[in-house]
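The values are calculated or read from the model by the stated rules, or taken from the named source; none is laboratory data. The structure presented is a predicted model; accordingly, all values stated were derived computationally and were not measured. Positions of Cβ are backbone-derived with ideal geometry, glycine not excepted, and every protein chain shown enters the neighbour counts.
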Amino acid sequence: MPAPSVEEILALAIRHVNAGQPDRALVLCEHALLQGPHAGAHQLIAVLALQRGDAAAARHHATQSLALRPDHPPTLAVAGDASLALRDAAAAMLAFERVTVLVPANADAWFKLALARQDARDFDGAAAALREALRLKPDSPEAEVNLGIVLQEAGRIDEAMAAYGRAYRLRKETFGRIAHALATPSVGRLYLDLEDLRTALASAGRVERPG
């Protein structure tokens, strides 16, 4: 009986992942690599490493995979996620910028690109990426909150309040994060009464329809 191919081994590994058995999947991927370098095996190991919190191993295997299969968007995304976890904003930006070139409609990649730019203190660039994410995936409270934060960091507090208002109306649970962001000394607006802040957010950034 012939030995299973790498593709067959990886198919079994994926079934183990889907069954909640990542350790078995990892053993199979490592076994597959005994037959030689393989982009898919390295990618799956990278994903598994990221899931268990080993960002360094995830980036290593993602890099190995990309050397064999350049410009593979899912692997680039794993490399970007690992770089974000490692606080390597420059590497994360390179990865997610490439994903957005290859798959311009990937809203998650734009969101992650914004996180990387924010870490690099490129607040205007982060805001631009978040606006693109929101164009592709409207009504995302997470993106609106992050947009508010980067606009606030850039000193554009009125625009930040508009984004916070949209986030709050989409999901009331964002209030705590918004209040915490607005509590920073650089804001210039201190809401001593949280009910006043709720009232301000309820109307901030609202676009009035013509009568």
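Listed here are the residues, each with its yes/no results for (1) farther than 16 Å from Ala204 by Cβ; (2) in contact with a helix residue (DSSP H, G or I) (Cβ under 6 Å, 6 or more places away or on another chain).
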{"position": "Ala133", "(1), (2)": "yes, yes"}
{"position": "Gln152", "(1), (2)": "no, yes"}
{"position": "Arg156", "(1), (2)": "no, no"}
{"position": "Glu159", "(1), (2)": "no, yes"}
{"position": "Arg169", "(1), (2)": "no, no"}
{"position": "Glu173", "(1), (2)": "yes, no"}
{"position": "Ala181", "(1), (2)": "no, yes"}
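Just give me the residues in region 191-211 being at pLDDT 65 or above, not in a helix (DSSP H, G or I) and not hydroxyl-bearing (Ser, Thr, Tyr), in sequence order. Even if it seems obvious, please write down each step before you answer.
Initially, region 191-211 is screened for residues at pLDDT 65 or above, giving 191, 193-206.
Narrowing further to those that are not in a helix (DSSP H, G or I): 191, 193, 204-206.
Scanning region 191-211 gives Asp193, Ala204, Gly205, Arg206.
Within region 90-103, residues that are over 16 Å from Ala133 (Cα atoms) reach partners that are buried (at least 18 other Cβ atoms within 10 Å of the Cβ) with beta carbons closer than 6 Å, at six or more positions or on different chains, in the pairs Ala91/Ser83; Ala92/Gly80; Ala92/Ser83; Ala92/Leu84; Ala92/Ala116; Ala95/Leu76; Ala95/Ala79; Ala95/Gly80. Looking at region 12-122, the helices (runs of 4 or more DSSP H) lying wholly inside it that each contain 1 or more residues that are charged (D, E, K, R) sit at 22-33, 55-68, 73-85, 89-102, 107-119. The single condition among (1) closer than 23 Å to Gly40 by Cβ; (2) of a type in the set (Asp, Glu); (3) crowded, with 17+ Cβ neighbours inside 10 Å that Asp71 does not satisfy is (3). A single member of Arg52, Arg135 is of a type outside the set (A, V, I, L, M) and touching a residue at least 12 places away in the same chain (Cβ under 8 Å), and it is Arg52.
Here Ile157 clears all of (1) surrounded by 14 or more Cβ atoms within 10 Å (Cβ to Cβ); (2) modelled with pLDDT of 95 or more; (3) not hydroxyl-bearing (Ser, Thr, Tyr) except the condition numbered (2).
Being at pLDDT 95 or above and under 30 Å from Gln21 (Cα atoms) holds for only one residue in Thr100, Thr75, and it is Thr75. Every condition in (1) assigned to a helix (DSSP H, G or I); (2) more than 30 Å from Asp193 (Cα to Cα) is met by Pro138 except one, and the failing one is (1).
Considering Ala162, Ala143, Ala183, Ala133, which residue is over 20 Å from the mean Cα position of the chain (by Cα) and buried (at least 17 other Cβ atoms within 10 Å of the Cβ)? Break it down stepwise before answering.
Details: Ala143 fails: over 20 Å from the mean Cα position of the chain (by Cα); Ala183 fails: buried (at least 17 other Cβ atoms within 10 Å of the Cβ); Ala133 fails: over 20 Å from the mean Cα position of the chain (by Cα).
Going through Ala162, Ala143, Ala183, Ala133 in turn, the sole match is Ala162.
Listed by first and then second residue, the pairs with beta-carbon distance under 8 Å, at least 6 apart or on different chains, first residue in region 111-123 and touching a residue at least 12 places away in the same chain (Cβ under 8 Å), second of a type in the set (Lys, Arg) and not in a helix (DSSP H, G or I), are Asp119/Arg87.
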